Amino acid sequence: MWSLMRTALTLAVLAAGSMLAADALRDRGAVDSKPSQVSSNERAGAQPPASTSLIPGTLGQRFLVWTLFVLVAPVLTAPVAMRVLAKESNAANVVLLFGYTGLDALAAFVAGGVHVDGVISGALYLTTLLVVFAYNLWMCAFLSKLQKP
């Protein structure tokens, strides 16, 4: 049981690091999706882009809201997940797993400002979603084990 908790915590920390790194790169302007014709001297005085997040607050507060959503969503919907897992249908299980991951991706875009600026930022968001996918897979396996005596 403790090894499962450590695994979940490790996945959450990896997701946290990649989301914070993506937002930090975007806020500093280090990730550009388009080449700029502005000189480096002109760019030095430019202000970072304003956050377009739908959730008010600092980056840390938005990240905390997103992390809590990711961790709690499978727990709150456990009865629905257990019904789907009881069907023992691969198609239903895939829909459940991708449904959880899709909700988490939507929450990440809402909390992160609903945009990805470039390749590095996109790669970090993709890494975060892979970690969240692994967490959701683990939660579905855990719920399945709870169901079978």
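A few points about this structure:
- Filtering the range 107-129 to residues that are closer than 20 Å to residue 72 by Cβ and either hydrophobic (A, V, I, L, M, F, W, C) or in contact with a His (Cβ under 8 Å, 6 or more places away or on another chain) (or both) leaves 107, 108, 109, 110, 111, 129.
- A count restricted to the range 74-116 and to residues that are part of a loop (DSSP other than H, G, I, E, B) and closer than 26 Å to residue 58 by Cα stands at 4.
- Looking only at residues in the range 117-149 that are in a loop (DSSP other than H, G, I, E, B) and in contact (Cβ under 8 Å) with a residue 24 or more places away in the chain, the one that is surrounded by the fewest Cβ atoms within 10 Å (Cβ to Cβ) is 118.
- Within the range 88-116, the residues that satisfy the criterion of being surrounded by 14 or more Cβ atoms within 10 Å (Cβ to Cβ) and at pLDDT below 85 are 108, 109, 110, 111, 112, 113, 116.
The values are calculated or read from the model by the stated rules, or taken from the named source; none is laboratory data. Please read these numbers as outputs of a predicted model, since none were measured by experiment. FYI the Cβ positions are ideal-geometry reconstructions off the backbone, even for glycines, and counts take in every protein chain you see.
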